[in-house]
Structures are given as C-alpha cells and as structure tokens.
Amino acid sequence: MPGQLGPHPPTGVPPRPRRRPSTAVVVGAGGSALAIVTALTVLITLMAQGTGASSEGAQQPLAGGEDLSAFYSRQLDDRPVEPDFDLDEHPAFGTATPDPIDCDVPRLDTSSDASWEEFTTEVGDCLNEMWKPRFEELGIRTPGPTFGVTNEKPRQAPAEKGVVLAFYKPDEKTITVVLPNVNEMAEFIPDGSQESVWAALLGHEYGHHVQQVTAIISRSVAAESGASESVRLESLRRTELQAECFAGVAMRGLGAFDDSEIKEVNELLNSGGDLPTHGKSINRRQWYTAGTTGDTLESCNTFGAPASRVG
C-alpha cells in the first residue's frame, strides 16, 4: 500500500459512534509521485461527511422515506419523520440518472486560492443544477449545498492520521475544500487532469449530500446499531462505494469531460491498494464506471449488491 491507514472521523449525520477507524493516508517520506497519486483515492474518500472533519459538534439528520415528499416541510423548518424503507429498495434507485448539462468548468490554477474558490463554486453550482430535477422528482424540497474553500485545516484528534481534502456539513449544507491539503496532492497530478480530478472530488462529496437528503446515511447508521465490526465495515464500504458511483454520475452529467478524461480519472483515483473501509481497488473502479454508464440510480445501488462487489 502506498500509505498508512489511520483513524477516520465519524461519518455524517447522525454521527457514527467513535468506534471505528475511517480512512486516512500518511504518505511515506520516500514514496514516489506515482505512489502518492494512487493513494489519492484514499484521501478523496476521506471527505468527511459530518463533524469528524470539522471542529463543531454533532449534526442533526435529515430523513426521507418511501414517499419522500411527505418528509420535507415546505418551509424546511419542521423536523422530518424517521425514514421507512429498505436500503436496497430505496425509491430513489428507480430515478433516472441526471441528464447531462453544459457545465463551463473553469481552468484551475492550483497555485491560486482565488482560482480554487472559483473552480469549487462554479462546479458546485453545476452539480446543484444537475441534481435539482432528480430531487424535485423525489419531492425533496431542500436547497443544494453551497461550496467554498478554507485555508484552515480541520481539527482532528491526535490519533487521526492523514489529511482531509474536503468535507460536507449537513446542517449547514456546505461542501468545503481544504486548500493546504489539495494543493499538496495537486503537485502529483498531471497538469491536464487537474480539472477532472478535482471535479470528481466534488462529485463524490456531493454524492454524500445525495445520501444525506435521501436519508440513506441515517438509515445505514441505524442498521448498524448493535452489529459486529465486520458488518459495520461492510456498511461503510457500501456507503463510500455508492458515493464513488455518484462521482461517476457527476463526471458524465457535468458534460465537460470526454470519455477518455472520465476514464483517466478512474485510473488516477482508484488504482491504489485495497482498503477495509473503502473496498478493493477493482470494486472502486467498477462502481465509478457504473455511475458513468448507468441509466438509473439503481446502477449505484451498492446496498443491494453481493458482498463480493463491496469487499
């Protein structure tokens, strides 16, 4: 493996008990550039979905259900009811993947904070535009997340090794890119691939937003209650692999990258080692590809997949 795993902050909302390590990578001082690039997949999947990567307290969950429109207040100020669906038969899976849009992805100068902010905001706006019709079909009346950057590294417990590239705060509906950490990794990405790689980062993080507003995260956490460590790890892998599938959905849906660029992202991000929290390299590649080719969100139904596909 190109990196060393360390404890991972608890996932999104409600926060998972601090009982399991989550993924982080510490790149060895003597590691090659190739090793660091192949380790990037671990860092990208670290994108904290909640408080573990932030300095704030526990977040409150949104929830959904079989008739999702029944669980969202028009004013968005009433606490929704508990979800009632089986994860492998979530109603969202019957929805078509987002139609491609024409996203004008800006050029990214990784040496410029202003360029990072413009890139993050513009791609974020495109992701909101891309997913909005599907949320409306599901009756989800909640604003899309806003996007931004920070020069402040998220506070982590001393035992939590590795770095956070971006994090999603469900209560505020924000996705934030951590500039010191992405700039370090950007040095090992080919110049012509910067925009596609970091768009995939945002697409994966947005996938956690999709899981949040459809109550997939809260339901998966509830299903883990009282389960063995192996069962909890498998549930976490299903969650992360689904987000990687949603990254593939985003890469196709943004309409800004050709087939060769979309494929290259998969090789750059998902050719690293096998990870107990994020699955085998081959499975990460397969789920990303499923997102780029599927006609419905059923293509990203990791919760209905056999264990061999989420190992």
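Summing charges over neighbours of SER260, with a neighbour being any other residue whose Cβ is under 15 Å away from its Cβ, gives -4 when K and R count +1 and D and E count -1.
Among rounded, prolate and oblate, which fits the stretch 169-298 when a ≥ b ≥ c are the square roots of the eigenvalues of its C-alpha gyration tensor, a/c under 1.5 means rounded, and a/b larger than b/c means prolate?
The shape class here is prolate.
Cross-link partners of LYS280 among lysines, defined as those whose alpha carbon lies under 25 angstrom from its own and excluding same-chain residues fewer than eight positions apart: LYS161, LYS263.
Percent of C-alpha pairs per 5 Å bin in the stretch 101-221, short distances first: 2, 10, 20, 22, 19, 14, 8, 4, 0.
Each residue of the stretch 124-138 was assigned a 3J(HN,Hα) from its phi angle through the Karplus curve 6.51 cos²θ - 1.76 cosθ + 1.60 (θ = phi - 60°); the sequence is x, 4, 5, 5, 4, 4, 5, 7, 3, x, 6, 4, 5, 4, 8 Hz, with glycine and proline shown as x. Please list, by residue number, every one of the GluC sites (Glu not before Pro) in the stretch 160-242 that is coil in DSSP and has at most 13 other beta-carbon atoms within 10 Å. Answer by residue number: GLU172, GLU187. The local environment of GLY192, defined by Cβ-Cβ distances under 10 Å, has a net charge of -4 under the rule Lys, Arg +1 and Asp, Glu -1. Counting every other Cβ atom within 10 Å of each residue's Cβ, ILE217, ILE262 order from fewest to most as ILE262, ILE217.
Values quoted throughout were computed directly from the atomic coordinates according to the rules given, and no laboratory measurement underlies them. Since the model is a prediction, treat every value here as computed from it, not as a measurement. Cβ coordinates were reconstructed from backbone atoms using ideal geometry, including for glycine residues, and neighbour counts include every protein chain displayed.
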